[in-house]
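Every number here is computed from the coordinates shown, using simple stated rules; none is lab data. Everything numeric in this text was worked out from a predicted model, so none of it was measured. A quick note on method: Cβ atoms are made from the backbone with ideal geometry, for glycine too, and the neighbour counts reach across all protein chains shown.
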Amino acid sequence: MLFRRLLCLLVVLPFIGQAQAFETRAQAAWVYDMATQTVLMDKNADVPLPPASMSKLMTLNMLFEALRDGRVTMETEFSVSARAQAMGGSTMFLNQRDRPTTRDLIKGIIINSGNDACVVVAEGLSGTEEAFSHQMTERAKALGMTNSTFANASGWPDPAQRMSMRDLGILAKRLIEEFPELYATFAETEFNYADRAPANRHNRNPLLKLGGGADGLKTGHTSEAGYGLVGSAKQGDRRVIFVITGMTSEEARAEEADRMMNWAFRQFVMKTVIKAGHRVASADVWLGDAAEVGLVAAEDVTMLVPALVQDGVKAEISYTGPLKAPLAAGTEVGTLTISVPDLPQREIPLLAENSVAAAGFLQRLEKAALVLQKRFLTDAEPAT
């Protein structure tokens, strides 16, 4: 039989409240707290949309993976094709005589948003941009980015170039976690390859100028996509990723990203709500040398909780009981589900606090007699 027990977590969490919901003007958005793996906001986050230059993050991922695998080094030189040289929009102003290194190209893509640099990387790693685009699409699927397809390496407008905001967030999380030594480049503010483009040397990410721990990642803009941003910031032990698209201007994008970042950090507090080994409840045990056993959390449970004190937080313990002896300490026997308004539920495994041996013969006999006595008395009661 499945037992459920509701708890009032206000005893455990005296400062829990409800966060003020964030109303974004973006067409689509996704906000994620990395420390607690919590999605803080989701607006049309799974809709495939034109990503513009934000899709350059996938080109960078492919190059970072090539570096990690040893297929290229930071000093590897790449050829520049006529096709790469002819790219319009934002560029590094490469020409066919150049031999940019991997290091140059990483900076050129991140800081200059170089369309030419993306084509150079695509052709250098896969022979053609078409082949590279196909590989990006397949790799995205393997990484769980189910709403992404690529027709080119730069984000140049194309009906087949689509990414969802959640997919861009998944990609940002990967770049931060898997390539920390390369991720630092996203915070650099200037790069001018061979003194070619002093007017295009500045990083377009507006949050880098505002402080607040922002250190990445990529802007994007086309007439079809509007203005977008994949951003990340770190404050204390928390790192937040935020993705927006469909803003109407650079100024609106900067303002919305700044508002979103401040909301994510100021409306929520990271708390260790339960310590590992802390007893949260007890469960009945059948035919054991003890009648019950404590239920404890398997590990420290850290959650985001709203900063203001209000009602609405609930917790529920469920287990199939009574538990059957013998029972070893540390056995997973139940689940604690914590519900915070406007946030995903959190499920925490509960373990047996200590071992419970099977009852001896006399104890089992006594228990059986009590059960039979209870049934006899229940059956003997007259109907009313």
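Helical runs assigned H by DSSP (4 residues or longer) give the chain a calculated mean residue ellipticity at 222 nm of -8500 deg cm²/dmol, each run adding -39500 (n - 2.57) before division by the residue total.
Each part gets one Cα centre, and for the range 230-306 versus the range 53-70 those centres are 29 Å apart. Could you give the angle, 0 to 90 degrees to the nearest 10, between helix 165-178's Cα long axis and the longest principal axis of the Cα atoms of the chain? Between the helix axis and the principal axis of the chain, the angle is about 90 degrees. In terms of the Cα gyration tensor, with a ≥ b ≥ c the square roots of its eigenvalues, is the range 124-166 rounded because a/c is under 1.5, prolate because a/b exceeds b/c, or oblate? Oblate. Between the residues PRO48, ALA194, THR248, the greatest Cα displacement towards the positive end of the dipole of the range 28-266, with unit charges on the Cβ of Lys, Arg, Asp and Glu, is found for THR248.
Taking the square roots of 5 times each eigenvalue of the Cα gyration tensor of the range 220-282, largest first, gives ellipsoid semi-axes of 37, 11, 9 Å. With contacts taken as Cα pairs under 8 Å and at least 6 residues apart, the chain reaches a relative contact order of 20 percent. Summing Cβ point charges (Lys, Arg +1; Asp, Glu -1) relative to the Cα centre of the chain gives a dipole of roughly 280 debye.
Counting only lysines at least 8 places from LYS209 when in the same chain, those with an alpha carbon closer than 25 Å to its own are LYS56, LYS107, LYS173, LYS218, LYS234.
Ignoring lysines fewer than eight residues from LYS314 along the same chain, the ones with Cα atoms less than 22 angstrom from its Cα are LYS271, LYS275. Relative to one another, the C-alpha centroids of the range 177-211 and the range 76-95 are positioned 19 Å apart. Electrostatic bookkeeping for SER133 treats Lys and Arg as +1 and Asp and Glu as -1; over the other residues with beta carbon under 14 Å from its beta carbon, the sum is 0. Normalised by 2.2 N^0.38 Å, where N is the number of residues, the C-alpha radius of gyration of the range 186-329 stands at 1.71.
The residue among ALA307, MET34, ALA66 whose Cα reaches farthest toward the positive pole of the charge dipole of the chain, with charges on the beta-carbon of Lys, Arg, Asp and Glu, is ALA307.
Between the Cα long axis of helix 56-69 and the first principal axis of the chain there is an angle of about 80°, rounded to the nearest 10.
Its Kirkwood hydrodynamic radius, worked out from the mean inverse distance over all distinct Cα pairs, puts the range 28-266 at 17.5 Å. Of the beta bridges in the chain, as assigned by DSSP with both residues counted there, near 95 percent are antiparallel. Summing +1 for each Lys or Arg and -1 for each Asp or Glu among the other residues whose beta-carbon sits under 11 angstrom from that of VAL301 gives 0. Can you tell me which of THR73, THR91, THR38 moves the most in a GNM of the chain? Springs connect C-alpha atoms under 10 Å apart. Comparing THR73, THR91, THR38 in a Gaussian network model of the chain, the most mobile one is THR73.
Only one residue of THR128, TYR183, ALA153 has its Cα farthest out toward the positive end of the dipole of the range 28-266, where Lys and Arg carry +1 and Asp and Glu -1 on Cβ, and that residue is TYR183.
Going by the alpha-carbon gyration tensor, a ≥ b ≥ c the square roots of its eigenvalues, is the range 180-250 rounded (a/c under 1.5) or, if a/c is not under 1.5, prolate (a/b greater than b/c) versus oblate? In terms of gyration-tensor shape, oblate. Put the Cα centre of the range 160-175 next to the Cα centre of the range 99-159 and the gap is 13 Å.
Compared with the dominant principal axis of the Cα atoms in the chain, helix 361-380 is inclined by about 80°.
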